[in-house]
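See structure below.
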Amino acid sequence: MKRYIYKKQKQPIYGAFKGLFKLFLHKPKFINHNENLPEDGLMVGLHMGKFGPFYMSQYMPFKFAIIGAHQMLESYKERFLYLKNVLYIEKQHKSKFASTLKATFEACFSKYIYKGMHIIPSYQDMRLLHTIHNAAKTMDNGLPVMIFPENSDNGYQKTLQECHDGFITIAKFVSKNRKKETPIYPFYTHVKRKIIIIGKPFYLSELKGKSNEEIIAYTRDRVNDLNPWYEDDKKDNQLFPIKHKRKAD
């Protein structure tokens, strides 16, 4: 089967950024609770801010793809609006002025970084079927797929609390598509603490008869159990403190 994600063409802009950010994002301690590195399956965990996925793509000792916002692979206007309104204002709680400046600049090159990180575009409509199909093709090539199911509408969190059930849908459909059950690996990462932890996988068949809410609760606990600082983090769960109150429309 032809590969969908990992193409032979080089991504020079992404390569340049990797070299630049290695000066600031130091190599983390890598802890793997498995005998071998993941070769397929879903990896489920917290986004941990803007640099979380980039940090993992740079220092993870194996290749993987990431399910991410489709807007970041489209036109400059769509990238700008997503960066400004969603990433900076909604999730990082920055002011409108600062968000506009950052988005104006970053929208120029962010598409190439996303391509270098091997992003599988995600959608909230029927195009989700393309996301599922591409995730299955990626796993067929021996590559795990990372997804961030956290509800970050009010900002990025330090611990996994509210969680969307899209990863359950993807795991079910990918398993059906591949005729092989999909392992789900919980993970924890933190840029400032310089750590990446991969937990042991679980399977939806182990939770047969459970509702989506119960599967979410189980997944949430598996992810949070990997966080050595969980008790401290849950007391102040906002990764980015809310400094600017949003004005009513």
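So here's what we get for this one:
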quantity	calculated
Amide hydrogen neighbours beyond the local backbone of Ile120, cut-off 5 Å, H modeled	Ile66, Ile67, Gly68
Candidates per trypsin sites (Lys or Arg not before Pro) in the range 57-95, loop by DSSP, up to 16 other Cβ within 10 Å	Lys63
Options (i) 23.5, 80; (ii) 17.2, 58; (iii) 17.7, 53 - which one matches Rg and Dmax of the Cα atoms in Å as calculated here	(iii)
Stretch gain in nm, segment Leu20-His33, where the contour uses 0.36 nm per residue and the Cα spacing is subtracted	1.6 nm
Inter-label distance for Asp165 and Phe105, nm, one decimal - labels placed 7 Å from Cα along Cα-to-Cβ	4.2 nm
Segment Lys192-Met126, length gained on full extension (0.36 nm per residue, minus Cα span)	20.0 nm
Pair Lys63, Ser211: separation of 7 Å Cα→Cβ label points (nm)	4.2 nm
The range 114-236: proportion of alpha-carbon pairs further apart than 20 angstrom, %	48 percent
Out-of-range pairs (alpha-carbon distance over 23 Å; input Lys115/Lys176; Lys63/Lys200; Lys63/Lys84; Lys77/Lys172; Lys18/Lys111; Lys111/Lys194)	Lys115/Lys176; Lys63/Lys84; Lys77/Lys172; Lys111/Lys194
Asn154 versus Lys235: modelled label distance in nm, points set 7 Å from Cα along the beta carbon direction	2.0 nm
The range 156-212, dipole about Cα centre (Lys/Arg Cβ +1, Asp/Glu Cβ -1), debye to the nearest 20	220 debye
Cβ-placed point charges (K, R +1; D, E -1), dipole of the chain about Cα centre in debye, nearest 20	1100 debye
Furthest towards positive pole of dipole, Leu87, His70, Leu101, structure part the range 23-102, Cβ charges	Leu101
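FYI, it's all coordinate maths here, none of it is from the lab. Owing to the predicted nature of the structure, the values given are computational and were not obtained by experimental measurement. Please note: Cβ atoms are built from the backbone with ideal geometry, for glycine as well, and neighbour counts cover all protein chains shown.
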